[in-house]
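In what follows, a single structure is set out as structure tokens and then discussed.
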Amino acid sequence: MRVWQILKRKGLCSTALNHAAILGPNLPDVWIPPNTSSTMDSRVDVQTATIIDGKAIAQDIRSQIAREVCRMKASIGKSPGLAVVLVGKRRDSQTYIRVKLKACDEVGIPSFIAQLPENCTEYQLLNVVSGFNDNPLVHGIIVQLPLPQHLDEEKIIDSVSPEKDVDGFHPLNMGNLAMRRREPLFIPCASKGCIELLLRSGVEIMGKKAVVIGRSKIVGLPTSLLLQRHQATVSTVHAFTKNPEKITREADIVVSDVGIPNIVLGNWLKPGAFVIDMGTNPIKDPNSRNGYRITGDICFKEATKVVSAITPVPGGIGPITITMLLSNTLDSAKRAFRFP
């Protein structure tokens, strides 16, 4: 049974959402792992870190979102709506879309999906986006990335209305995130989820040293900007950084989104650091049902002996990121309906 249906049965639809408010150039990295080896003693196998349960945090936030969706339906008879645009038949993209649509269904957010063939023209894709921009039932639009190479990704992202850009990638939203005293309409979901996780875990961000490994427009760049908004001292480690392990070892907060399995070893990390692993890397595993398993950028086994807390992969930041998409869509509908 969906979350919003359970809440309706229990009479909780009118309960207001109450969670901590947060502040509300694509540089491709070609990573070459440094020639370093771990100095951790492999004979010692003592886990000291707290393993963050991202699924539990996500479920708690989704329950709050579902209550707000119920309250909106009961008060004004309207619901938030999310539109998804999928080009081609990439298996990973199809999987991500299924997960997002299932999450929408759980909290009572209607979803709309437009599927285009791999060889669609730019004009056809822009026309679909334009239709969702003009649709009053749609309050959030996501174009599933990556797009086929013949399509101009930046042009497509720019075509999404900033008022419905729940991915937070439009230059207006990204630019406002980068500028002091300006508020973006939406914050990219992974970065928003990162800060939400830190706040809910009781981590003091102000004045702390943070290192973000990777500088993609989807995760690294907006996460760095958002951490600075929360008054952290932020360093960005990328493919051309010298001594990345030394810089990372000084950080109280480490966020990694590199795309190389286990690149961050235990000796990269400061004892007691808080680590968020945003890497999602498939590794061949003949014992797995699918022939592969998913792992992160952080060497989990080593990190747990050093840090104070860490997100696992899978089951860490991923579910929270999808939940932030629901949160952004709800915020968009509230803004459109002027719903308190």
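Read the figures in this text as sums done on the coordinates, not as results from a lab. All of these numbers come straight from a predicted model, not from anything done at the bench. Please note: Cβ atoms are built from the backbone with ideal geometry, for glycine as well, and neighbour counts cover all protein chains shown.
Evaluating 6.51 cos²θ - 1.76 cosθ + 1.60 at θ = phi - 60° for every residue in region 98-111, the Karplus couplings come out as 4, 5, 5, 5, 5, 5, 4, 4, 5, 9, x, 9, x, 10 Hz, glycine and proline recorded as x.
Charge tally for Ser332 (other residues, Cβ to Cβ under 13 Å; Lys, Arg +1; Asp, Glu -1): 0. Taking every DSSP helix (H) stretch of at least 4 residues in the chain, weighting each as -39,500 (n - 2.57) and dividing the sum by the residue count yields a mean residue ellipticity at 222 nm of -11500 deg cm²/dmol. Placing unit charges on each Cβ (+1 for Lys and Arg, -1 for Asp and Glu) gives region 140-212 a dipole about its Cα centre, and among Pro162, Leu177, Val143 the Cα reaching farthest toward its positive end belongs to Leu177.
In terms of the mean number of neighbouring beta-carbon atoms within 10 Å, the peptides 71-78, 156-163 order highest first as 156-163, 71-78. How charged is the neighbourhood of Ser235? Take every other residue with its Cβ under 10 Å from the Cβ of Ser235, and add Lys/Arg as +1 and Asp/Glu as -1. It works out to a net charge of 0.
Considering only DSSP beta bridges whose two residues both sit in the chain, what percent are antiparallel, to the nearest 5?
Of the beta bridges lying entirely in the chain, close to 10 percent run antiparallel.
By the beta-carbon count within 10 Å of each Cβ, the least crowded to most crowded order of Lys270, Lys155, Lys209, fewest first, is Lys155, Lys209, Lys270.
About the Cα centre of region 224-340, how large is the charge dipole given +1 on each Lys and Arg Cβ and -1 on each Asp and Glu Cβ? Please answer in debye to the nearest 20.
So the magnitude is around 200 debye.
Packing here is the average count of other Cβ atoms within 10 Å per residue, and on that basis the peptides 235-242, 317-324, 90-97, highest first, run 317-324, 235-242, 90-97.
Any idea what the dipole of the chain comes to, in debye rounded to 20, about its Cα centre with Lys/Arg Cβ at +1 and Asp/Glu Cβ at -1?
Approximately 960 debye in magnitude.
If you take all other residues with their beta carbon under 13 Å from the beta carbon of Asp277, and give Lys and Arg +1 and Asp and Glu -1, the sum is -2. Put in order of Cβ neighbour count within 10 Å, fewest first, the listed residues His170, His150 become His150, His170.
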